[in-house]
Amino acid sequence: MDEELKSFVAVWICTIAALYYCSSAVSAIPQGTLRLLALLPIVFLFTVLPLKLSSFHIGGPTAFFLAWLGNFKLLLFAFDKGPLAQSRNLLHFISVACLPIKPQSLDKTHAPSRDAFIVPRYVLLAIKVVLLALIFKAYENRPYMHPNLVLALYCVHTYLELEVVLAISAIPARALLGCELEPQFNEPYLATSLQDFWGRRWNLMVTSILRPTVYHPVRSLFAPVTGHKLSSLPATIATFIVSGLMHELIYYYLARVHPTWEVTWFFVLHGACVAAEMAAKRGLVGRWRLHRAVSGPLTLAFVAVTGVWLFFPQLTRNGVDDKAIGEYYGLGPGWKVAAPPGSFGAIDTGIHGGYRCLAILTRNGVDDKAIGEY
């Protein structure tokens, strides 16, 4: 872990130095091809820097911040677009470039949504931190759980950890910049459709960066052929395809194995379903609509079932889930790694570790197998 922390510090020193170059030197180059060429070495650097890190909780967020969000923001900056084009100073530029944040527009008004909570956001965040800690506690009994229950916990864990990590990373930026930031999540468990889930609630930092980099250019490309309204359909599918490919890259950083493309197909499927949903809404506008009490659970069930089918296999097959849970327990006094569902054994340096290992071995007949082979 000491070596990992040293690498982490080195990676972020390189990152800050690279962004200083972008802010001081590249910004003086006229927007367009020349600025893009000047930024390409930094894009390459941000792509390879996460390879210096191997842990889940340090390497994963760093890869997401630099290789995905950071690079896409730099590509927009090459054409004087995106959040970096409105940077006020060096600190603002570096913070926005390398953190999952987007300052609120001064001329943008935020009306409360109809499902807005009375509970303050910081209270909700504290509740989610507690729930995340309870999930990690529950993982101690993972070898005894039904595989479907474990996968259900993974679904909730993915949401909670993403929101907590992004919220924590935004705290220093909010304090340093002294401005309000766009929300990073908008209670996705309240989504009433796939379009609502992906477009207005889930990981809004990715949504806000994919719109100008993929959705709008593709829509402009197809508009002369299909018309303005229909051009949103291929633009939506293209956006989900790019999201899938970027997830494949993140998975490579986490597992260091060649992609098997399940997660890409997850996003291709959801892109096609969102496009179909958009077309259906236009055809049925004013005539028929599912009540949110029905559409909400159906949306979450579809996301969860397809996630178990296509989103998680690349992670569980390569032991990334065990790695993440093991790192969490490694932060405390003694560490535990629960075995994957369906396998035998558990590594547990706690007081009852040895007894639990023996119980799992005997319950699965490993002792009889060993004696028989002898």
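The values are calculated or read from the model by the stated rules, or taken from the named source; none is laboratory data. Here the structure is a predicted model, which is why all the values come from computation and not from measurement. Cβ placement follows ideal geometry from the backbone for every residue including glycine, while neighbour counts extend to all protein chains displayed. Please note that ligands, DNA and RNA were not included when accessible areas were found on the heavy atoms of the full protein model with its side chains. Shrake-Rupley method; radii C 1.70, N 1.55, O 1.52, S 1.80 Å.
So the values come out like this:
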quantity: With all protein chains modelled, accessible area of S23 [1.4 Å, Å²]; calculated: 30
quantity: Sites Q86 and A272 - FRET efficiency at Förster radius 30 Å, r taken between beta-carbons, to 0.05; calculated: 0.30
quantity: Residues with amide H under 5 Å from that of T192, placed H, sequence gap 5 or more; calculated: F197
quantity: Descending semi-axes in Å of region 115-272, equivalent ellipsoid built from Cα gyration tensor; calculated: 30, 23, 16
quantity: Order of exposure, largest accessible area first, which applies to L160, L190 with probe 1.4 Å; calculated: L190, L160
quantity: Base-10 log of normalised Debye intensity for region 185-333 (one unit scatterer per alpha-carbon) at q = 0.11, 0.14, 0.18 Å⁻¹; calculated: -0.51, -0.78, -1.17
quantity: Too-long pairs where the Cα-Cα distance tops 32 Å, listed order kept, from K6/K73; K137/K281; K102/K128; calculated: K137/K281
quantity: Semi-axis lengths (Å, descending) of the ellipsoid that matches the C-alpha gyration tensor of region 226-309; calculated: 29, 18, 7
quantity: Stokes-Einstein diffusion coefficient of region 119-184, Kirkwood radius over Cα pairs, 37 °C, 0.692 mPa s, in µm²/s; calculated: 244
quantity: Debye intensity ratio in log₁₀ form over the Cα atoms of region 1-98, taken at each q of 0.19 Å⁻¹; calculated: -0.84
quantity: Alpha-carbon Debye profile of region 176-256, log10 I(q)/I(0) at 0.14, 0.20, 0.21 Å⁻¹; calculated: -0.61, -0.99, -1.03
quantity: Built amide H within the under 5 Å cut-off of L181, gap 5+; calculated: Q104
quantity: Kirkwood Rh (inverse of mean 1/r, distinct Cα pairs), region 135-218, angstrom; calculated: 15.1
